[in-house]
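One structure is given below, encoded as structure tokens.
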Amino acid sequence: MRPVTLRTRYGTALVVSGPSGTGKTSVCKKLLGRDESLHFSVSCTTRPARQGEEDGKDYYFLSRDEFTQRIREGAFIEFAEVHGNYYGTLRREVEQYVLNGEDVLLDIDVQGAREIRNEIFNTVLGYCTVYAYVGPPSFDEMERRLRGRGTDDEEVIARRLENAVNELKAWREYDYMVINDDLDEAVANLNSILKAAQFMTARYSVSPWQQNSEE
């Protein structure tokens, strides 16, 4: 675990959510590609690794016993059981970086973002977290993208669209919204949000002029 040192300036945790078909993951990956200093929060899961996936890069692959032990230890800032497997975000994957003045990107669904917001409310990490919603240019375009993947059958697509209807209603819960009509523009807009957040007064633990003051 990284040592945490007191700094004048904290980092930013950028939580990004959006329904399937909005291109949220593509936007996040491209943002990470243009900013090498941005840390990606790797989630934990109890599902088996798929071909080509790497432990510690795509997920932390844990046994069910290991995952539940971490739940008891309070290691997660959010977790859920989906289709028989656990998924969760480790507090250390976010907090230690933010307290050390580094920025963190979290690709999280709407329910997970709600849990994070509740868990870190009125904490230093909470003050240093901003929430961005990636939305589609239209519902029809979102459906077209889902079908264009060619990886899901009609039943799965119908379920994703049904979930999307509910998730689209959550946009007001976020600080910012990025409409992904053009990928490069969406990435640029999300990057602007991150850069603006870096200048918020909440990022400073003390005065930038007098580090030992208690202003």
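The values are calculated or read from the model by the stated rules, or taken from the named source; none is laboratory data. This is a predicted model, so every value here is computed, not measured. Virtual Cβ from ideal backbone geometry, glycine too; neighbours counted across all protein chains shown. Just so you know, the surface numbers come from the protein's heavy atoms only, side chains and all, with ligands and any DNA or RNA stripped out. Shrake-Rupley method; radii C 1.70, N 1.55, O 1.52, S 1.80 Å.
Summary of values
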quantity: Per residue accessible area in Å² of the chain, where ligands, DNA and RNA are left out and the probe is 1.4 Å; calculated: 56 Å²
quantity: Convex hull per residue volume in Å³, alpha carbons only, for the stretch 30-94; calculated: 102 Å³
quantity: Built amide H within the under 5 Å cut-off of residue 13, gap 5+; calculated: 104, 129, 130
quantity: Compactness of the stretch 105-182, expressed as Rg and Dmax over alpha-carbon positions, Å; calculated: 14.7, 44
quantity: The chain, accessible surface, carbon-and-sulfur percent (1.4 angstrom probe); calculated: 47 percent
quantity: Reachable lysines, given that their alpha-carbon falls under 25 Å from the alpha-carbon of residue 169 and they are not under 8 places away in the same chain; calculated: 24, 29
quantity: Residue 178 long-range amide H proximity, modeled H, under 5 Å; calculated: 133, 134, 135
quantity: Label zone at residue 92, where the point sits 7 Å out along the Cα-to-Cβ direction: the stretch 99-124 residues whose backbone N lies under 19 Å; calculated: 99-106
quantity: ³J(HN,Hα), Karplus 6.51/-1.76/1.60, whole Hz, each residue of the stretch 197-206, x for Gly, Pro; calculated: 4, 5, 9, 5, 5, 5, 6, 9, 7, 9
